[in-house]
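This report refers to the structure that appears directly beneath it.
The values are calculated or read from the model by the stated rules, or taken from the named source; none is laboratory data. Because the structure is a prediction, the values reported are computed rather than measured. FYI the Cβ positions are ideal-geometry reconstructions off the backbone, even for glycines, and counts take in every protein chain you see.
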Amino acid sequence: MKEMPAIVRQIIEDYLLFVLAWCSHYLYEQMRPYWRDEPLVKWQALLDFEPIEQACAPYHKQVAGKPGRPISHSVPKLVRVLFLMVVHAPCSYRQAERRLRSDLLWRSFAGYGLFEEVPDHNTIHLFDQYVCQHHPRLYFDTVLRQIDEQLPQERARPQIADTFAMLANAALEGPTARLRHLTSRLLRALDKVEPTAYETITTDMESLFEEGRLFGWEEVEHPHYWPQERRQQRRQETVIEALLCRELVRPYETDNPRLAEEAAYLDKMIADEFHLTRDEQDKVVAAVLLPAEKRGKFRLCSGTDPEASIRNHGPDKRDFGFNAAVAATDSGIIREIAAHTGSAGDVTTIPGLLQAQQEHHDLLPPTLSFDQIAGNGKTAAIVHEVSNGQTRLIAKPNPPHADDDDSLTPQDCTLSDDGLALTCPGGQTSRRRYRKEQWGWFFRFIAAQCLGCPLLERCRGSQERPTTHRDFFISHHMRFFLALLAHSQTNQFRLDMQKRPRIELVIAHLVLFHGLRRARFRGLAKVDYQMKMGAMAYNAKRLLSLLAAKKREQAPSGVVTATLPGRSLSTA
């Protein structure tokens, strides 16, 4: 039989492709009435992905266009595939691939025809990696801006902020294992940037590899079963050999930021955990593990993820990972979310939440509510400074002393309007003041001023004749604390506190339905990206809820609307 001419074969293939595309379009159109209540269909009508597509347009040139990576999927399709994977979290790359192969609604949303080949898990992973590296907050900011366009009143709402723990994608390690891990990371980094230097150094360290003092290859019995003296001896040997390795790598750090970063991790771990003893030649001869209370607060706890640390919120609330800070409106829209290392205090996250909103959305909330840990003058002053006076901190003031302590504090005194005189509760006024660095002033009351004062015991703790002066420290932040204290007595404060539990609902939703209890990635930047993508998915869902509530409010009273596929029923 004669072979078909190439031009005829091409015409038939083009015709078949046209028929298959028409069949795909026809099937999707027939299914739309049954899909109209699906969130994906509503998002397709409400959200515009064009800003994300334009920002990610160089993707094929930077990543997918490399040798061995054919360009088979357009950026607009990949943008929607990544959105699908995030809003259905926790969803892995392989699960997203399988869902695209079998779910018609997913195919339709992403723009794939019924007979088109969908991206595999590796293609989705590469695009996700590209977005994480080049546009980590692109999805979050784009969806939030479109929410503001559809619900303009959301920008003016008061905000509530809080923190929650995110567990690291790593395991805790003991000091010796951590030293070995960090040293191994340093050598691997050297191998990538300076392979020749790596070969030279490892050759010089052959004795270490044979003895196993640095990497412990000869150990059969687990060190947990060793006597304390033997463990201390092995730990000391490991520290000394790690420092030797560190010195061999030092000459190559200048022009290699990645190598310098890995070396800094090792330096910090040794400085935080060990007391070193050196001889006259400045050589380390002994290394002793410091007591727990003297080790660094932000110390590294794992070589797998050096940027994770312990989040200590009480004896039974110690989590190894990251401290996530989130700020949301009282209606439940997340305005900002950020990852911090676990040891970062809750209060230290507040400036970043405000600065990010101002930088990326030109917005500062009228009020920001936080829990009692922020109820001090210093935090209120920081919020005032960062927001240029546009945001007011709402927090329950921290009591100056325990409930059963009736002693007098600086808050019981009265400062003059010019700040030059202080009047104590006993009616005595002092203009003797002494500056304490940049923090404030000590006002001094001499012993003669305290004679015969009825508040002597409350002030000094004794009724005996005073022989020494009495100082009251007045911080520069005192006026902010007094403002917090005065506001806490108002009805508006009680209304604000009634709204505070709503942030717990937001956090619970992020943790339970968007996988933000555990980190998928390692490193602060990637964990922050995961948080912002989870917050984007939450905001997209919250948008549908707010629009539905708005529609119900606008519906005529006495009319109930029920929606069925293909038709609408109204009853009075």
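Can you find even one residue in region 264-281 that is at pLDDT below 85 and in a helix (DSSP H, G or I)? Within region 264-281, not a single residue is at pLDDT below 85 and in a helix (DSSP H, G or I).
With respect to the conditions (1) surrounded by 24 or more Cβ atoms within 10 Å (Cβ to Cβ); (2) part of a helix (DSSP H, G or I), A327 lacks only one, and its number is (2). Residues in region 87-111 that are surrounded by fewer than 21 Cβ atoms within 10 Å (Cβ to Cβ) and closer than 25 Å to R518 by Cα: V87, H88, A89, P90, C91, S92, Y93, R94, Q95, E97, R98, R99. Considering region 342-451, the qualifying strands (runs of 3 or more DSSP E), each wholly inside and each with 3 or more residues that are of a type in the set (A, V, I, L, M, F, W, C), touching a Lys or Arg at 6+ places or on another chain (Cβ under 9 Å) and surrounded by 19 or more Cβ atoms within 10 Å (Cβ to Cβ), run over 440-445.
Right, F140: at pLDDT 90 or above and touching a strand residue (DSSP E or B) at 6+ places or on another chain (Cβ under 7 Å) or not? Give the steps one after another, and end with the answer.
Values: at pLDDT 90 or above: yes; touching a strand residue (DSSP E or B) at 6+ places or on another chain (Cβ under 7 Å): no.
No, not satisfied.
Residues in region 45-86 that are touching a Ser or Thr at 6+ places or on another chain (Cβ under 9 Å) and at pLDDT below 90: H60, A64, R69, S72, H73.
Each row is one residue, and each column tells you yes or no for (1) within 22 Å of R311 (Cα to Cα); (2) aliphatic (A, V, I, L, M); (3) surrounded by 20 or more Cβ atoms within 10 Å (Cβ to Cβ).
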residue	(1), (2), (3)
H125	no, no, no
L144	no, yes, yes
P152	no, no, no
I160	yes, yes, yes
F164	yes, no, yes
L182	yes, yes, yes
R188	no, no, no
K192	no, no, no
Y198	no, no, no
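Taking the options A156, A110, A161, name whichever one is touching a Lys or Arg at 6+ places or on another chain (Cβ under 6 Å) and in contact (Cβ under 8 Å) with a residue 12 or more places away in the chain. Talk me through it step by step, then tell me what you get.
Working: A156 fails: touching a Lys or Arg at 6+ places or on another chain (Cβ under 6 Å); A161 fails: touching a Lys or Arg at 6+ places or on another chain (Cβ under 6 Å).
When all the criteria are applied, what remains is A110.
When D148 is tested against (1) more than 25 Å from R522 (Cβ to Cβ); (2) in a loop (DSSP other than H, G, I, E, B); (3) touching a helix residue (DSSP H, G or I) at 6+ places or on another chain (Cβ under 6 Å), exactly one condition is not met: (2). Taking region 488-523 as the search range and keeping residues that are more than 24 Å from the chain's Cα centre (by Cα) and part of a helix (DSSP H, G or I), which one is farthest from I334 (Cα to Cα)? Applying the filter and picking the extreme gives N491.
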